[in-house]
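The values are calculated or read from the model by the stated rules, or taken from the named source; none is laboratory data. Remember, predicted model here, so these are calculated numbers, not experimental data. Methodologically, a virtual Cβ is constructed for each residue, glycine included, from the backbone with ideal geometry; neighbour enumeration extends over all protein chains shown. When the accessible area is computed, the model is the full protein with side chains, heavy atoms only, and any ligands, DNA or RNA have been set aside. Shrake-Rupley method; radii C 1.70, N 1.55, O 1.52, S 1.80 Å.
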Amino acid sequence: MSKTKRALAVGVVCIVTYVINYYLRNMLSVFTPDLTGRGLFDEGQIALMSSTYMCFYAGGQLVNGFLGDIIAPKKMILAGLVLAGGMTLLFPILPSLALAVVCFAVMGFALSMLRGPLMKMISESTEPSEARLICVFLSFASFSGPMIAGIFALAFEFDIAYFVAGGVALLFAITSFVTFATMEKRGVIKYTVKDNAKFDLSIITSVFKIEKIGFYLIVACLVEIGATTISFWIPTYLSSHLGFEESAATVIFTVISACRALMPFITLFIFNKTGENDRMMMRISFSLSAVFFIISIFVTVPMLNVILLMVALMSMSCSSSLLWSIYIPGLGKTGKVSGVNGVLDCTGYIAAAVANLLFAFVMSSIGWWGVTVLWAALGVIGFGATFLIKKNSRAA
């Protein structure tokens, strides 16, 4: 099989598998207006479930990221999808908030088993340039998750949507395992695992010696808050703050997600055309996100506010794409892609979980203008962080 065909095969299977991760995690977000409107949960309880998910996802990313360099990826992916699909099926019939929180804790840990192993397979089975292109589509999959979850919300009632989503996840768990195993036997997927390696401190500390890791830890926190926490509250922002009907809010949320899904492609194009200067691109993208968030505070016309919000989020998505689609795929030769991914994702999700609770508190005590100021502050912090690294943009 030629390198191009191998890259295409690896990319398609990994991307399709990863889509499951992102639509499952966004189901709660798109159904939040419905759940609160029907009195099943209040916003504080929704925030608790979401933050619990984020914390266990973050911890799981750290552990499973390093395990992904030791255990066969196909086994971890199978276990993660089975657990996550099972929890998705259970959530609509759980009788208490406590059990719902446990459900999201398990789901968070389960879904943390996917990204590291997938990134390892991509970066070690393909050339760096091919890996970057695949990861652009992988980022597209992450941004398309909210869009797919929105389609579920438009097509089904809450409980039916969760049953269908969980069933699809279980089906893909089996399908992806068989596909990965077949591709390994044919030599299409190649990777190294350290079967006799011990999970010790040296495995963790070695990650922090990789170039630019400190700067990208900061970026991971900021973009994960943008991709996870801000995205989570957008449907509620649209309905409770801007006054859109729930169905209209879901449609708008889906459109915003679709526009953000284009950013990895736009980012890679600009990156290649501007001398691969990630520092300058991040400086501009974070600046634009801060400016448009601030302007949106003073714009009361709902649709104009939506446009400003969408541009701000798309700008922030540019920095996210630079991290996940360009920096990490360039680390294939280090043999630590899964571990690096785990550290960055863990750090980002801890920040997202804290931000989630903070946003809920500010929302209830100050209002949406206060939350929007916090969103703008992320761009300001990102802009400042770009002065911590040198102009050279090459990841490895």
Subject >> Unit charges at the beta carbon, dipole of the chain: most positive-side option, Leu90, Ile307, Ala385 >> reply: Ala385
Subject >> Karplus-derived 3J(HN,Hα), 6.51/-1.76/1.60, for each residue of the range 263-273, Hz, glycine and proline x >> reply: 4, x, 5, 5, 5, 5, 4, 5, 4, 6, 8
Subject >> Listed residues Phe292, Gly342, Val354: farthest to the positive end of the dipole of the range 238-360 (Cβ charges) >> reply: Gly342
Subject >> Label-to-label distance, nm, for residues given as Leu40 and Ala248 (7 Å Cα→Cβ offset) >> reply: 2.4 nm
Subject >> Rounded, prolate or oblate (a/c below 1.5 giving rounded, otherwise prolate when a/b exceeds b/c) for the range 329-389 by Cα gyration tensor >> reply: oblate
Subject >> Check: the range 25-106 dipole with +1 on Lys, Arg Cβ and -1 on Asp, Glu Cβ, in debye >> reply: 280 debye
**OP:** Counting only heavy atoms of the protein chains, get the accessible area per residue of the chain (1.4 Å probe) and round it to a whole Å² value.
**Re:** 39 Å²
Subject >> Relative contact order of the chain, defined on C-alpha pairs under 8 angstrom at six or more residues apart (%) >> reply: 28 percent
**OP:** Taking the Cα centre of the chain as origin, sum charge times position over the Cβ atoms of Lys and Arg (+1) and Asp and Glu (-1), and report the length of that vector in debye to the nearest 20.
**Re:** 1580 debye
Subject >> J(HN,Hα) series, the range 339-349, from Karplus relation 6.51 cos²θ - 1.76 cosθ + 1.60, nearest Hz, glycine and proline x >> reply: x, 4, 4, x, 5, 5, 5, 4, 4, x, 6
**OP:** Show that you can apply the helix-only estimate: for the chain, add -39,500 (n - 2.57) for every DSSP H stretch of four or more residues, divide by all residues, and state [θ] at 222 nm to the nearest 500.
**Re:** -25500 deg cm²/dmol
Original post:
If you average the sequence gap of Cα pairs under 8 Å that are 6 or more apart and divide by the length of the range 56-146, what percent do you get for the contact order?
Top reply: 42 percent
Original post:
Of Lys185, Lys74, which has the most accessible area and how do the rest follow, probe 1.4 Å?
Top reply: Lys185, Lys74
Subject >> the chain, accessible surface, carbon-and-sulfur percent (1.4 angstrom probe) >> reply: 71 percent
Subject >> Accessible area (Å², 1.4 Å probe, nearest 10) - Ile71 >> reply: 70 Å²
Original post:
Quick one: Karplus J couplings for the range 170-175, per residue in order, coefficients 6.51, -1.76, 1.60, θ = phi - 60°, nearest Hz, x for Gly and Pro?
Top reply: 5, 4, 6, 4, 6, 4
**OP:** Mind running the shape call on the range 142-184? Use the C-alpha gyration tensor, a ≥ b ≥ c as the square roots of the eigenvalues: rounded below 1.5 for a/c, prolate if a/b tops b/c, oblate otherwise.
**Re:** oblate
Subject >> Label-point separation in nm, Asp159 to Ser96, each point 7 Å along Cα→Cβ >> reply: 2.0 nm
**OP:** Averaging sequence separations of C-alpha pairs under 8 Å and six or more residues apart, then dividing by the length of the range 277-355, give the relative contact order as a whole percent.
**Re:** 29 percent
**OP:** Mind checking which of Val19, Ile71, Gly39 is farthest towards the positive end of the range 1-119's charge dipole, using Cβ charges of +1 (Lys, Arg) and -1 (Asp, Glu) about the Cα centre?
**Re:** Ile71
**OP:** Would you work out if the range 13-76 is rounded, prolate or oblate? Take a ≥ b ≥ c from the square roots of the eigenvalues of the alpha-carbon gyration tensor; rounded if a/c is under 1.5, else prolate when a/b is larger than b/c, oblate otherwise.
**Re:** oblate
Original post:
How much accessible surface area, in Å² rounded to 10, belongs to the heavy atoms of Glu130 with a 1.4 Å probe?
Top reply: 40 Å²
Original post:
Just the accessible area for Phe180, please: 1.4 Å probe, Å², rounded to the nearest 10?
Top reply: 0 Å²
**OP:** Excluding Leu111 itself, calculate the net charge of residues whose Cβ lies under 12 Å from the Cβ of Leu111, where each Lys or Arg counts +1 and each Asp or Glu counts -1.
**Re:** +1
Original post:
What spacing in nm lies between the two simple spin-label points modelled at Ala72 and Ser287, each 7 Å away from Cα in the Cβ direction?
Top reply: 5.1 nm
